[in-house]
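Visitor: Below is the structure I would like to discuss, written out as structure tokens.
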Amino acid sequence: MDQIAVHQDNATSRDWPVAIYRTLKDFGVAQLCYVPDAGHSKLIRLSHADADIKTTVLTTEEEGVALAAGAWLGGDRAVLLMQSSGVGNCVNMLSLMASCRFPLLTLVTMRGEWAEFNPWQIPMGKATPQAFEIMGTTVLRLDDPDEADEVISAAASLAYDGDQQVAVLISQRMIGRKKWTRETH
Amino acid sequence: MSSATGTLDRRAVVKALLAERGELLVISGLGSSSYDVFDAGEHPGNFYLWGAMGGAAMVGLGLALAQPKRPVLVITGDGEQLMGIGSLLTIATRQPGNLSIAVLDNGHFGETGMQLSHSGLGAKLEVIASGAGIPSVSDIADMAGIERLRASLQDLRGGPRLARIRISAGEVERALPPRDGTFLKNRFRSHLGFAVK
């Protein structure tokens with residue numbers, strides 16, 4: 001690898017991950033699981049620092065779908081964080097949620113759309129909404145940082161109160177253009 | 001490489017594990033494991049998977065984290081666990097003391113024509129679990145070992161544990177639990193005191 005990402009310039013100065021965190025707390029989310037993504041890194045740190053949220057790192061995204069089902073069986077509300085490249089991994093496991101009408105709230109940071117540098121990210125990014133929809137998952141978009149609490153709140157109600165599977169796709173534009181630099185060593 | 005199938009009767013194993021189950025909550029993996037758990041006796045604290053191949057251990061983790069004061073047992077087959085092998089690493093990161101995984105290992109994909117599985121071709125699930133960071137692992141080939149495992153299931157601080165149980169590869173009669181997922185979900189949650197909305 002001759003290039004590394006050194007930082008990301010946020011397209012916005014607004015602290016939307018904190019808004020998402022507060023909304024999840026308002027809904028009593030007790031479990032958070034994730035496959036890491038830079039766009040989710042602040043929310044992941046907040047979750048790890050919160051003793052009331054059991055935070056689990058996954059080896060692959062569909063583990064989180066099954067975890068959310070088990071959490072609900074035991075009375076916990078769970079949320080799954082991933083990036084769009086992991087959505088295809090979840091397709092068969094979404095059958096579990098549909099068959100049992102388990103709530104699922106998943107927050108997906110998008111790749112392959114806004115100023116994408118890596119062509120390998122583009123096919124799954126383009127297919128992300130359809131990959132959810134073919135399994136019956138409702139897809140909402142979060143494009144404006146000011147709407148973070150409103151959109152996450154709507155999605156959480158639909159999931160936990162309406163027993164639906166809901167994915168919120170967080171626009172790559174909100175996460176910011178990835179900056180690359182030459183590795184110096 | 002020789003196949004590593006055992007001699008234990010799967011129905012007898014599961015019946016023994018679920019005897020005097022007390023507060024035990026049970027998740028069963030897709031296929032024969034669900035039939036075995038159902039055959040051992042219906043219970044509202046059973047949740048039978050009829051799909052979600054590879055997901056049984058993770059359903060067990062979510063449940064174990066949500067219900068830390070109840071022992072949770074995942075009963076599944078070698079093929080089902082192999083498909084979700086990464087979940088052993090994920091479970092190890094959380095170290096849920098109340099979670100146990102019993103893998104009924106016949107070294108074959110029993111539901112699909114008895115092809116040899118990776119386990120039958122030499123993979124050792126208990127070694128993989130140990131390498132993943134599961135602190136308590138065992139390789140059980142007799143009913144005395146099953147009895148020791150049964151007693152340990154109630155210890156909420158001894159897990160996570162994984163037991164590879166060497167069962168025979170012979171076919172047994174199917175015993176079909178309910179297939180309606182919403183019914184199974186609501187029955188299970190009602191058993192834990194959660195009202196149906």
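Visitor: If we scan segment B:153-165, do we find a residue that is farther than 26 Å from residue A:72 by Cα and touching a strand residue (DSSP E or B) at 6+ places or on another chain (Cβ under 7 Å)?
Guide: Looking for residues that are farther than 26 Å from residue A:72 by Cα and touching a strand residue (DSSP E or B) at 6+ places or on another chain (Cβ under 7 Å), one finds at least one in segment B:153-165, hence yes.
Visitor: Taking segment B:28-66 only, how many residues are outside any loop (DSSP other than H, G, I, E, B) and either within 8 Å of chain A (Cβ to nearest Cβ) or small (Gly, Ala, Ser) (or both)?
Guide: 16
Visitor: Still on this structure, please answer the following. When the residues of segment A:52-81 are filtered to those that are more than 9 Å from chain B (Cβ to nearest Cβ) and in contact with a Pro (Cβ under 9 Å, 6 or more places away or on another chain), which remaining residue is nearest to residue B:62 (Cα to Cα)?
Guide: Taking the candidates together, the pick is A:77.
Visitor: Among residues belonging to segment A:82-104 that are at the interface with chain B (Cβ under 7 Å from one of its Cβ atoms) and among the aliphatic types (A, V, I, L, M), point out the one that is farthest from the chain's Cα centre (by Cα).
Guide: If we take residues in segment A:82-104 being at the interface with chain B (Cβ under 7 Å from one of its Cβ atoms) and among the aliphatic types (A, V, I, L, M), then A:96 is farthest from the chain's Cα centre (by Cα).
Visitor: Please go through segment B:101-124 and give me each residue that is closer than 20 Å to residue B:89 by Cα and either crowded, with 24+ Cβ neighbours inside 10 Å or at pLDDT below 95 (or both), ordered by number.
Guide: B:101, B:102, B:103, B:104, B:105, B:119, listed by residue number.
Visitor: In contact with an Asp or Glu (Cβ under 6 Å, 6 or more places away or on another chain), within 14 Å of chain A (Cβ to nearest Cβ) and β-branched (Val, Ile, Thr): is that true of residue B:90 in this structure?
Guide: Considered against the rule, which asks whether it is in contact with an Asp or Glu (Cβ under 6 Å, 6 or more places away or on another chain), within 14 Å of chain A (Cβ to nearest Cβ) and β-branched (Val, Ile, Thr), residue B:90 comes out as yes.
Visitor: Quick check, is residue B:184 in a helix (DSSP H, G or I), among the hydrophobic types (A, V, I, L, M, F, W, C) and either crowded, with 17+ Cβ neighbours inside 10 Å or within 17 Å of the chain's Cα centre (by Cα) (or both)?
Guide: Judged against the criteria, residue B:184 is a match.
Visitor: Still on this structure: Can you pull out every residue in segment B:67-87 that is part of a helix (DSSP H, G or I) and either surrounded by 24 or more Cβ atoms within 10 Å (Cβ to Cβ) or more than 7 Å from every other protein chain (Cβ to nearest Cβ) (or both)?
Guide: Residues satisfying the conditions are B:78, B:79, B:80, B:81, B:82, B:83, B:87.
Visitor: Please indicate, with yes or no, whether at least one residue in segment A:69-87 is touching a strand residue (DSSP E or B) at 6+ places or on another chain (Cβ under 8 Å), among the charged types (D, E, K, R) and surrounded by fewer than 24 Cβ atoms within 10 Å (Cβ to Cβ).
Guide: So far as segment A:69-87 goes, yes, one or more of its residues are touching a strand residue (DSSP E or B) at 6+ places or on another chain (Cβ under 8 Å), among the charged types (D, E, K, R) and surrounded by fewer than 24 Cβ atoms within 10 Å (Cβ to Cβ).
Visitor: Can you tell me which residue within segment B:31-47, out of those that are within 12 Å of the chain's Cα centre (by Cα) and surrounded by 22 or more Cβ atoms within 10 Å (Cβ to Cβ), is nearest to residue B:125 (Cα to Cα)?
Guide: Only one residue fits best here, namely B:33.
Visitor: What is the residue count in segment B:1-43 for residues that are polar (S, T, N, Q) and within 16 Å of residue B:56 (Cα to Cα)?
Guide: 4
The values are calculated or read from the model by the stated rules, or taken from the named source; none is laboratory data. Everything numeric here is computed off the predicted structure, so don't read it as measured data. A quick note on method: Cβ atoms are made from the backbone with ideal geometry, for glycine too, and the neighbour counts reach across all protein chains shown.
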